Amino acid sequence: FRSEYDGSQDHDMILRLTEEAKNVQHIPKILYYWRSHPQSVAADIGAKTYAIDAAKRAVHDHMRDYYGIEVEVESTRAFPTIFQIKYPITGTPLVSIVIPNKDHVEDLRRCIQSIVNKSTWTNYEIVVVENNSKEQSIFDYYKELEALPQVQVVTYEGEFNYSRINNFGVSKTRGEYLLLLNNDTEVITPDWMEQLLMYAQRKDVGAAGAKLYYGDDTIQHAGVVIGLGAHRSAGHTHYKMPRQHLGYMGRLCYAQDVTAVTGACLMVSRAAYDQVGGLDESFTISLNDVDFCLKLREAGYLNIFTPFAELYHYESKTRGMEEGEKLRRYERECAHFREKWKAQLDAGDP
């Protein structure tokens, strides 16, 4: 233990141990119970602010000494020692935002206006991939978009295939970083691109995903776990919980590794995207994003969920699973996913 970190000497020790450790494992058993007496820092950390300061210093110094980067460490609303870490962004790389679209002029207008009006990151381009729209209003809006230098509309001919449409959109982009985005999203956090980019820039990170809310301020996405859900393929944690919920052990208040994030808002470097071959076009509608994230993990990357990039995602939460052919196609894709990733599903979400 190092005395200059007294109050959070174990935090400092753990960070130094992880610098040396080649393999950190979780043992899924209760091995230790925590008891605290009334004066203990465990009962009221506010009584010992020096412990909070020592913990911030331990994290800051770990990042400086081990990784050679200067970060900002701030307490979050969950707990004074659950931190938000702000990493510096290297350079000003171009971020290419790919938005598939069919009709839904109001959704697309709201989405693009929120990007243009709210984003603090300025070096971006938007590629809207038009696919089989029928309504004149959307084509009128595309003409409006032509006036914006950072927006282009490209047309994908052919039936709906989410993976193929996004891969086609990506082929029309120029950016070093790709941001897949649904047309029914709306930016909340002005620095949402920076919050995703600070992780996507890391050499060990594949996909970075945002925290998404329904229009009623309940959670739509905060990370994906494989093996969850009716079809035992994948599901969302903290689903439909209130926006202000702290999450299990504060998990909704800090960035963390997850197995997968939703393609409704997903940033990845072009290099990593190309390395794993983009989205698998055999997943036409669903699970293509989870499959993509599993391919990234298989290639040795981590996938990150950050709660500090927030957007609305207005998809209907009451729609349920469609009937008939759509439901059958979804069941086929689930079966395909369970077959392709059987070993990972059998092992359980790491």
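Taking the stated definitions as given, is TYR213 closer than 28 Å to LYS326 by Cα, open to solvent by less than 20 Å² (accessible area, probe 1.4 Å) and hydroxyl-bearing (Ser, Thr, Tyr)? Criteria met by TYR213. When restricted to residues that are touching a Ser or Thr at 6+ places or on another chain (Cβ under 8 Å), of a type in the set (S, T, N, Q) and not in a strand (DSSP E or B), the range 99-113 contains 0. Criterion applied to GLY206, GLY227, GLY223 was being open to solvent by 10 Å² or more (accessible area, probe 1.4 Å), small (Gly, Ala, Ser) and modelled with pLDDT of 95 or more, and the one residue passing it is GLY227. Scanning the range 154-172 for residues that are in contact (Cβ under 8 Å) with a residue 12 or more places away in the chain and either in a helix (DSSP H, G or I) or hydroxyl-bearing (Ser, Thr, Tyr) (or both) yields THR155, TYR156, TYR162, SER163, ARG164, ILE165, ASN166, ASN167, PHE168, GLY169, VAL170.
Is it fair to say THR18 is within 26 Å of PHE305 (Cβ to Cβ) and part of a helix (DSSP H, G or I)? Before you say what the answer is, go through the steps one by one.
On the way: within 26 Å of PHE305 (Cβ to Cβ): yes; part of a helix (DSSP H, G or I): yes.
Spelling it out, THR18 is indeed within 26 Å of PHE305 (Cβ to Cβ) and part of a helix (DSSP H, G or I).
Taking the criterion of being open to solvent by less than 40 Å² (accessible area, probe 1.4 Å) and touching a Pro at 6+ places or on another chain (Cβ under 6 Å), the only residue of the range 155-176 that qualifies is ILE165. Scanning the range 1-58 for residues that are modelled with pLDDT of 85 or more, hydroxyl-bearing (Ser, Thr, Tyr) and farther than 21 Å from GLN84 by Cα returns SER3, TYR32. Listed by first and then second residue, the pairs linking a residue in the range 87-99 that is over 30 Å from PHE160 (Cα atoms) to a residue that is open to solvent by less than 30 Å² (accessible area, probe 1.4 Å) and of a type in the set (Gly, Ala, Ser), with Cβ atoms under 8 Å apart and 6 or more places separating them unless they lie on different chains, are PRO93/GLY175.
Counting the residues of the range 298-318 that are over 19 Å from THR237 (Cα atoms) and either in a helix (DSSP H, G or I) or touching a strand residue (DSSP E or B) at 6+ places or on another chain (Cβ under 6 Å) (or both) gives 2.
Could you list, in sequence order, the residues of the range 49-74 that are surrounded by fewer than 16 Cβ atoms within 10 Å (Cβ to Cβ) and either touching a residue at least 12 places away in the same chain (Cβ under 8 Å) or hydroxyl-bearing (Ser, Thr, Tyr) (or both)? Walk me through it before giving the result.
First, the residues of the range 49-74 that are surrounded by fewer than 16 Cβ atoms within 10 Å (Cβ to Cβ): 49-50, 53, 64-70, 72, 74.
Passing the criteria: THR49, TYR50, ASP53, TYR66, TYR67, ILE69, GLU70, GLU72, GLU74.
Within this structure, HIS236 passes the test of being under 13 Å from the mean Cα position of the chain (by Cα) and open to solvent by 50 Å² or more (accessible area, probe 1.4 Å).
Please go through the range 256-296 and give me each residue that is modelled with pLDDT of 95 or more, small (Gly, Ala, Ser) and open to solvent by less than 30 Å² (accessible area, probe 1.4 Å), ordered by number. Correct list: ALA260, GLY263, ALA264, SER269, ALA272, GLY278.
The values are calculated or read from the model by the stated rules, or taken from the named source; none is laboratory data. Model, not experiment: these values are computed from the prediction. Cβ atoms come from the backbone with ideal geometry, glycine included; neighbour counts cover every protein chain shown. Accessible surface areas use protein heavy atoms only, side chains included; no ligands, DNA or RNA. Shrake-Rupley method; radii C 1.70, N 1.55, O 1.52, S 1.80 Å.
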